[in-house]
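Engineer: Structure provided below as structure tokens; questions to follow.
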Amino acid sequence: MPALLALPVQTALAVVVICALIALTAFAVSRGLATDEDRDGVFWYGFTGGFACLGAVIGAMVLVPETAAVSGLAGMLGIGLAGGWVWRGEQERAARRRRRSVEEAQSALRARHESVLQRWVSYELDPAVAIDYPDMTDLRQPETAQLVRAMRKAAALREQADADDDGAAPGYESAVADLENAFQAAERAAGAHSTPRRRDS
């Protein structure tokens with residue numbers, strides 16, 4: 001009976017060792033990728049771990065030839081599963097990085113949009129500034145009319161961007177740039193070459 005149990009026990013032990021080495025290697029590689037460590041270090045994690053896994057498989061085949069098929073199969077399946085797990089994790093991290101990059105870009109774009117609107121408010125709501133630069137609110141002026149059109153277009157595209165799942169709307173960036181240009185053109189036409197500060201009464 002002990003002899004009959006020896007082979008299954010040896011086989012199970014070989015499989016456990018092989019799978020443990022593969023799992024540790026996959027964890028080390030995944031952790032290195034997740035923390036943005038030196039990619040050379042990640043390579044060496046994979047290389048050293050892979051070499052250890054290969055050594056464990058070959059060792060099991062040589063020491064217990066009867067386990068060769070099972071050890072080889074365990075090694076291939078383990079490496080395949082571990083590789084798939086690491087790849088999926090890296091894809092998810094890349095997707096998160098892309099989303100974060102888009103969110104940061106959209107946040108900066110909205111800040112530019114808000115900046116123009118805040119500067120426009122000073123011309124529209126501050127009586128002293130409105131008296132100094134009446135053309136900035138006079139829609140009969142071509143530059144002011146163009147500014148208002150640019151404001152409406154940017155506002156509409158921003159609403160689309162806010163409603164979009166990925167926070168982006170085609171043309172919103174160019175609409176904000178057009179709005180900035182239109183605002184500067186309206187200021188020049190009105191004789192306000194720089195944004196006026198609110199004056200004390």
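The values are calculated or read from the model by the stated rules, or taken from the named source; none is laboratory data. As the structure is a prediction and not an experimental result, all values here were calculated from the model. Every residue, glycine among them, receives a Cβ derived from its backbone with ideal geometry; neighbour counts consider all protein chains shown.
Engineer: Has the stretch 27-47 got any residue that is surrounded by 15 or more Cβ atoms within 10 Å (Cβ to Cβ), modelled with pLDDT of 75 or more and over 27 Å from the mean Cα position of the chain (by Cα)?
Structural biologist: No.
Engineer: Let me ask something else. Quick one: would you say LEU179 is buried (at least 16 other Cβ atoms within 10 Å of the Cβ), under 38 Å from the mean Cα position of the chain (by Cα) and modelled with pLDDT of 85 or more? It would help to see each step written out before you state the result.
Structural biologist: Details: buried (at least 16 other Cβ atoms within 10 Å of the Cβ): yes; under 38 Å from the mean Cα position of the chain (by Cα): yes; modelled with pLDDT of 85 or more: yes.
Taking the combined requirement at face value, the residue satisfies it.
Engineer: Counting only residues that are surrounded by fewer than 16 Cβ atoms within 10 Å (Cβ to Cβ), among the aliphatic types (A, V, I, L, M) and in contact with an Asp or Glu (Cβ under 8 Å, 6 or more places away or on another chain), how many does the stretch 94-147 have?
Structural biologist: 2
Engineer: Can you tell which of ALA130, ALA111 is in a helix (DSSP H, G or I) and farther than 16 Å from GLU187 by Cα?
Structural biologist: Numbers: ALA130 fails: farther than 16 Å from GLU187 by Cα.
Testing whether each residue is in a helix (DSSP H, G or I) and farther than 16 Å from GLU187 by Cα leaves just ALA111.
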